[in-house]
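The values are calculated or read from the model by the stated rules, or taken from the named source; none is laboratory data. These numbers were taken from a predicted model, which means no experiment stands behind them. Methodologically, a virtual Cβ is constructed for each residue, glycine included, from the backbone with ideal geometry; neighbour enumeration extends over all protein chains shown. Remember, those area values only see protein heavy atoms, side chains included, never the ligands or the DNA or RNA. Shrake-Rupley method; radii C 1.70, N 1.55, O 1.52, S 1.80 Å.
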Amino acid sequence: MDLVESLKMATTTILSNKLRSSLTILGIVIGNASVIAMVGIGQGAQKYAAQQFESLGPNLLFVTGGSSRQRRTTFDLPRTLVLADAEAIASQVPAVKSVAPQVQNQQIVTYSSDKITTLTIGTTPEFLTVRDFTVDKGRFINDIDIKRANQVVVLGSYTADRLFGNQDPIGKKIRVKNLTFEVIGFMKSKGSFLGNNQDDSLFIPITTMANRIVGRSSPYGLLVTSIAMSAKDQNSISAAQFQVQNLLRLRHKITGDDDFEINTQADILGIINAITGALTLMLAAIAAISLLVGGIGVMNIMLVSVTERTQEIGLRKAIGATQSNILTQFLIEAIILSAAGGLIGTLLGVGGLAIIAALTPFEVGASPVVVVVAVSISGAIGLFFGVVPARRAAALDPIVALRSA
């Protein structure tokens, strides 16, 4: 009996017990669908994080006050950076294109009878270039505003909608911490970054913010929360990081650990990708347990099938079927069941990912490699768990099999 004949007989046997065959492959279906969905969601989350970081600005670096150890031991960010540090970076670091120091915190903002709390950012004109923001109408902060510490404000698009609705906010007066500011412009929508609405903010001159809103100063100058900067190009990021670190160590007269921390988009994205990758692997491993359970189910049903078909096996061996023929047929049945479960599970997993992509911002999709691997593992599970029933069937003595029937 050749392989084609064994395949025909195995297919006929499976189709003659549709309900039992369907229940047998259920564990394989669920396992395959889960693995493909989990891996697809994990990869989609990594793509989403990459897109979010790209939206922050091109070739971006951040300098924040305090070392990693200091930041882990206090709720308040260490205040070790001053405006003069940002000015020194802009003038003395050749690999840096633009620098935008920032002083920021939450402030109560009032217009007429409306009162909201929003992120208030004191910064410089370079903020637009570094963070890739665009003014929708009006103008942004300029050097004169910085020099004179003018009480002018530029609104984020969401903040403008909350305060003014359909009104034109240009020229209107709002109050920030009981100080009156004139609205000189508002921004185009920037969108969210990892759940934070970047449009729920307002921008004022950094000198106004430091002197009149938060009162941050030191013997070395105006204290800033952070310094954002953009490298000249992607190849200059490492050089910029090295040069900025050396400059700040000289300026701060550091001989031991740095009292600041420099992070690039790639650094932060690498951490997030490591976390999402580990979570994806863990979820996929949990989902793969269903494949193992499904394989055990296949073996269980095949053992039952051997018992039920004892007479058939005895009869076939009596008329000349070899142990190899019986072994092959039962192995083929197990592989067909598992492979069919794998294919159905793949279709369900891909369909689930399509629904997730339509309902969420994740660009999820089934990787061809993952699909091929998942279906191949399903077939391998059928082969592995089908060996015991197939060997039991092949080892039956035809006389004993016919008598027991």
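Structure notes:
- Sequence-ordered 3J(HN,Hα) estimates for segment 234-240 from the Karplus curve with 6.51, -1.76 and 1.60 and θ = phi - 60° stand at 4, 6, 9, 4, 5, 5, 4 Hz, glycine and proline given as x.
- Our summary gives the chain a relative contact order of 29 percent, counting only alpha carbon pairs under 8 angstrom and 6 or more residues apart.
- For the chain, a Gaussian network of Cα nodes joined below 10 Å ranks PRO101, PRO205, PRO361 by mean-square fluctuation, and the top entry is PRO361.
- Spin-label model distance (nm) - LEU19 vs ASP267, 7 Å beyond Cα toward Cβ: 6.4
- Positive-end residue, segment 79-258 charge dipole about Cα centroid, Cβ charges, pick of THR159, ALA228, ILE213: ILE213
- Additional length obtainable on full extension of the chain from HIS252 to LEU179, 0.36 nm per residue less Cα span: 22.9 nm
- Residues ILE289 and GLN245, FRET efficiency given R0 of 41 Å [Cβ-Cβ distance, rounded to 0.05]: 0.30
- Across segment 79-258, the relative contact order, built from alpha-carbon pairs under 8 Å that are at least six residues apart, equals 32 percent.
- Filter on LYS137/LYS172; LYS115/LYS147; LYS115/LYS177; LYS8/LYS317 - keep pairs with C-alpha separation over 22 Å: LYS115/LYS147
- Surface composition of the chain: carbon and sulfur atoms hold 60% of the protein heavy-atom accessible area at a 1.4 Å probe.
- Residue-wise HN-Hα coupling along segment 104-112, computed from phi with Karplus coefficients 6.51, -1.76, 1.60 (Hz; x: Gly, Pro): 9, 6, 7, 9, 7, 10, 10, 9, 6
- Each of [x] 63, 42, 40; [y] 106, 55, 35; [z] 58, 52, 46 is a candidate for Cα extents along the principal axes in Å; the one calculated from this structure is [y].
- Each Lys and Arg adds +1 at its Cβ and each Asp and Glu adds -1 at its Cβ; summed about the Cα centre, segment 79-258 shows a dipole of about 420 debye.
- Cleavage-rule hits (trypsin sites (Lys or Arg not before Pro)) in segment 245-345: DSSP loop, at most 15 neighbouring Cβ within 10 angstrom: LYS253
- For the chain, the 222 nm mean residue ellipticity estimated from helices alone, with every DSSP H stretch of n ≥ 4 adding -39500 (n - 2.57) and the total spread over all residues, rounds to -18500 deg cm²/dmol.
- Once the Cβ-Cβ distance of ILE296 and GLN51 is raised to the sixth power relative to R0 = 25 Å, the FRET efficiency obtained is 0.05.
- For segment 332-344, 3J(HN,Hα) computed residue by residue from phi via the Karplus equation (6.51, -1.76, 1.60; θ = phi - 60°) reads 4, 4, 5, 5, 4, 4, 5, 5, 4, x, x, 5, 5 Hz, glycine and proline entered as x.
- The mean accessible area for residues of the chain, using a 1.4 Å probe and ignoring ligands and nucleic acids, is 50 Å² per residue.
- Additional length obtainable on full extension of the chain from LYS8 to SER91, 0.36 nm per residue less Cα span: 21.9 nm
- Distant-in-sequence amide H partners of VAL135 (H built 1.01 Å from N, under 5 Å): LYS188
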